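Reviewing the structure listed below.
The values are calculated or read from the model by the stated rules, or taken from the named source; none is laboratory data. From a predicted model like this one, the values you see are computed outputs, not experimental measurements. All Cβ positions, glycine included, derive from the backbone under ideal geometry; neighbour counts span all protein chains shown. Accessible surface areas use protein heavy atoms only, side chains included; no ligands, DNA or RNA. Shrake-Rupley method; radii C 1.70, N 1.55, O 1.52, S 1.80 Å.
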Amino acid sequence: MTTTPSAARTAGAAMPDGSPRTHYLNATYGLKSWLLTRDHKRIALLYLVSISVFFALGGLMAVLIRMELATPEGDLFQPDIYNRLFTMHGVLMIFFFLIPGIPAVLGNFLIPLMIGARDLAFPRINLLSWYLYSIGGLFTLWALLHGGVDTGWTFYTPLSTNYVNTSVITVGVGIFIAGFSSILTGLNFVVTIHRMRAPGLTWFRLPLFVWGAYATSLIQILGTPVIAIAILLVAAERTLHIGIFDPKLGGDPILFQHLFWFYSHPAVYIMILPSMGVVSELVATFSRKPIFGYKFVAFASIGIAVLGFFVWGHHMFVSGQSIYAGVIFSVLSMLVAVPSAIKVFNWTATLYKGSISWDTPMLYALGFIGLFTIGGLTGVMLATLGIDAHVHDTYFIIAHFHYIMVGGAIMGYLGGLHFWWPKITGRMYPLFWSKLSAIVIFIGFNVTFFPQFILGYLGMPRRYHSYPPEFQVLNVMSSAGATVLGLGYLMPLVYFIWSIRYGPKAPSNPWGATGLEWQTTSPPPVENFLTQPIVTAPPYTYPAPKRAPEVTRGV
Amino acid sequence: MASEGHGHDLPGLAHHFDSYAQQRDSATLGMWTFLVTEILFFGGLFAAYGVYRSLYPEVFRASSHTLSIQLGTFNTVVLIASSLTMALAVRGGQTGKGKLAAALLVLTLILGSVFLVVKGFEYHEKFVEHHVPGASFHFEGPDAPHAQLFFSLYFLMTGLHALHMIIGIVLVGYVAIRAASGAYTPENYNFLEGTGLYWHFVDLIWIFLFPLLYLIGRH
Ligand code: HEM
Ligand SMILES: [Cu+2]
């Protein structure tokens, strides 16, 4: 702790809800006040808008993919158009939605509030991150308008270097630039968490969301530079034919896979760790119990981040790596499942005998736990060499990672948005519709992706636009489920926007949660707290404050 | 020290920090973290170098011998000297001697430029000898086809290093101007210190590149 408590600050930070007052949303007006803001809360909202655009675009591609797959014949798109569709779907969803997603939106908004600071350590760099992300996004959109890329989001060589003639370099540049945004965000979070904590806020008093964000930042800092250099090498290979990945010149295409997965496996934890952090907050708040085994959950985040760097070879079991490497990577991959399982057990133990309330965020959190468990267990199956040789590159893989990234990460993200929306906007959203959305998304998700496990096990390969007729029934189920899922995602979009104008005013602490962010007003003032909070207790001292009547009464 | 809610109005202390010490600690930690990412950035190339050198040791040695050890050594000395002037400049900024710091920074900048000019001559030589990967590449010796890999790595690694040097020179120029106008005080010379760390880091990368590229098998 290097925070020097300054003289004039007193303990306690709550402020009575007076009606007309300035907060971060109405302190200044105009486009310029947003585009040049250095307030972490406003930057979070800039991210929220931009990642939503990319989510919608990626979702559109998904709709087109599922339309094509509703029939066995490849009748809607030419094969090379189909290749571009699934590639751009993956690129947009992974690099421009999920990776920046929760860290940049919820992390930006919450970390300073949760640790009792006035802002992140480097507000200007924070704004720079958003601009880098946007510039990277514009490159990618520009490439999209010029036909996109058709290599798969994995950009495997020699396909990406010697064969295709789509916009590999433009998209590569886009991802490269967005990568620096990710690095700077991670750096900002790490420094902030180390140096800006409020007096009394020791490491083991940090909310688990902050631990999750910290672990995520470590991966962003250590992993992202490696994919940056890998992309640079692909671009150099394409333009200058330098031979690093070209067997004709003595290079090795497998080296690219190593560099790519050295980042991209840990990157899957960039997508899931923040959601795990959200779920820890939600489970404690809505069971009104301290989280079971706080330290285990905290260290499990760090454990996942560290172990995640040693398992990348499980993506290359059938790429011709040595059998010994395969065995080692197999064992190490199963080890990562241990900290993941610790978290699931601890959430379950927290629920046990808790006084559970079925609010919208909690529904999303429970959905997360179920879907993540399925995704994680199938991951362990895939880490088994014999099974992977059978299902590698089939729909089983697709189902596995969608259960984690869509079922898990996005459920957690939406749960978090619903939980902190009253804090972010100062408004409540309709309770009935939001609970319905959680249920619709859960059902739609399972109908979409469960059949894909079966399809993959039966041998349907990924990345083809046509398939044998006997697979049609399951594919139609999947496409139908996708329609439900799409509708489910539209619902929050509608009622969130509605709530900004028409939603009832939210009190400071609608859920009766502990945590510093709930001790300031909704929405928070520009400087977050009117007086410097001082922390004297561990997190999750439930059962604590009373829930606000607005929540129980409903809207 | 602090006015209600809005921190303070101390010169050179950003509104969201409580003290100069907190601000400096944050800046330093941020810079070190950034340098860790740089290590991993270069790490990808070092990994590629390791793989191919172990696959083709003979031709890597032969290719390495075409580089000018004199120019390489000269440049190494130049960079080490520039690290010294940089360290002294940071000390100057820290003790409030702005003019001295500025002069030392200009010296650093000149040394850095000398390095780049010499590097330019070396690149030119490679062009003349057809050692630049591509259509006109030509190399005589054992296992010649794989020589191109060595030179690809040579240009990528030294090129990326040179790019970092150029960024560094721009930064040094900027802090030199700021130092001359007395912007750095004992309380806040964080940007100067950060630039110094960056400069030392870029030097350090060269200290690894030099033996790996120039000195293979010369012991
Ligand atoms: C519980 C620990 C996990 C284990 C043991 C595991 C295991 C695996 C294995 C072995 C594969 C490779 C299958 C193949 O290509 O043949 C794989 C693929 C994948 N996993 Fe996981 N996984 C785990 C968690 C996750 C998480 C948390 C995410 C994302 C948030 C994720 C996302 C992915 C993705 C995106 C792929 C496929 C990449 C591609 O080929 O396009 N996995 N997983
Ligand atoms: Cu993986």
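Summary of computed values
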quantity	calculated
Helical contribution to [θ] at 222 nm, DSSP H n ≥ 4, -39,500 (n - 2.57), averaged over chain A, rounded to 500	-20500 deg cm²/dmol
Cα convex hull of region A:428-555, projected area averaged across orientations, nm²	12.4
Listed residues A:Ser264, A:Phe286, A:Leu233: farthest to the positive end of the dipole of region A:232-369 (Cβ charges)	A:Phe286
Cα centre as origin, Lys/Arg/Asp/Glu Cβ charges: region A:209-295 dipole, Debye	400
For A:Ser522, solvent-accessible area (1.4 Å; no DNA, RNA or ligand), Å²	20
Distance cut-off 18 Å, percentage of C-alpha pairs in region A:239-282 lying past it	52
Accessible heavy-atom area order of B:Glu187, B:Glu140, highest first, probe of 1.4 Å	B:Glu140, B:Glu187
Spacing of the two label points (7 Å from each Cα toward its C-beta) at B:Ile80 and A:Tyr163, in nm	5.0
Accessible area per residue in Å² at 1.4 Å probe, computed on chain A	36
³J(HN,Hα) computed for each position of region A:370-387 - Karplus, 6.51 cos²θ - 1.76 cosθ + 1.60, integer Hz, glycine/proline x	x, 6, 5, 4, 5, x, x, 5, 5, x, 5, 4, 5, 6, 7, 3, x, 5
On Cα atoms only, tilt of A:208-240 relative to the major axis of chain A in degrees	30
A:Leu31 paired with A:Leu436, simple spin-label distance in nm, labels 7 Å along Cα-to-beta-carbon	3.7
Of all accessible heavy-atom area on region A:268-402, the percent that carbon and sulfur account for (1.4 Å)	79
Percent of C-alpha pairs per 10 Å bin, region A:200-325, short to long	12, 32, 26, 16, 10, 4, 0
Buried solvent-accessible surface, both chains (A, B), 1.4 Å probe, Å² to nearest 100	3500
At q = 0.18, 0.24, 0.28 Å⁻¹, base-10 log of I(q)/I(0) for region A:269-320 (Debye sum, equal scatterers on each alpha carbon)	-0.67, -0.93, -1.08
Hull-based mean projected area of region A:213-287, where the convex hull spans the alpha carbons, in square nanometres	5.6
Whole-angstrom Cα spans of region A:125-252 along principal axes, big to small	61, 34, 20
Check: chain B dipole with +1 on Lys, Arg Cβ and -1 on Asp, Glu Cβ, in debye	420
Cα gyration tensor of chain B - equivalent ellipsoid semi-axes, whole Å, descending	42, 19, 12
Calculated Rg and Dmax of region B:91-219 using C-alpha coordinates, Å	19.0, 60
Which of B:Phe137, B:Ser83, B:Tyr123, positive extreme of dipole for region B:32-215 (C-beta unit charges)	B:Ser83
Neighbour-limited loop hits for trypsin sites (Lys or Arg not before Pro), region A:271-375 (at most 11 other Cβ within 10 Å; DSSP other than H, G, I, E, B)	A:Lys353
Helix B:98-128 vs. chain B, principal-axis angle (Cα, 0 to 90°, nearest 10)	20
For region A:306-434, the spread of Cα positions along each principal axis, largest first, Å	56, 29, 23
Simple Cβ-charge dipole of the protein assembly as shown, Lys/Arg +1 and Asp/Glu -1, about Cα centre, in debye nearest 20	2180
Compactness of region A:178-251 as Cα Rg over 2.2 N^0.38 Å, two decimals	1.66
Normalised convex hull volume, the protein assembly as shown, alpha-carbon set, Å³ per residue	162
Ellipticity estimate at 222 nm from DSSP helix runs (n ≥ 4, -39,500 (n - 2.57)) divided over chain B, nearest 500	-26000 deg cm²/dmol
Residues B:Arg91 and B:Leu215, FRET efficiency given R0 of 35 Å [Cβ-Cβ distance, rounded to 0.05]	0.60
Relative contact order (%) - criterion: Cα under 8 Å, at least six apart; region: region A:38-553	18
Pairs from A:Lys41/A:Lys353; A:Lys289/A:Lys435; A:Lys32/B:Lys99 whose Cα-Cα separation, in the structure shown, is over 28 Å	A:Lys41/A:Lys353; A:Lys32/B:Lys99
Accessible heavy-atom area order of A:Ile231, A:Ile439, A:Ile342, highest first, probe of 1.4 Å	A:Ile439, A:Ile342, A:Ile231
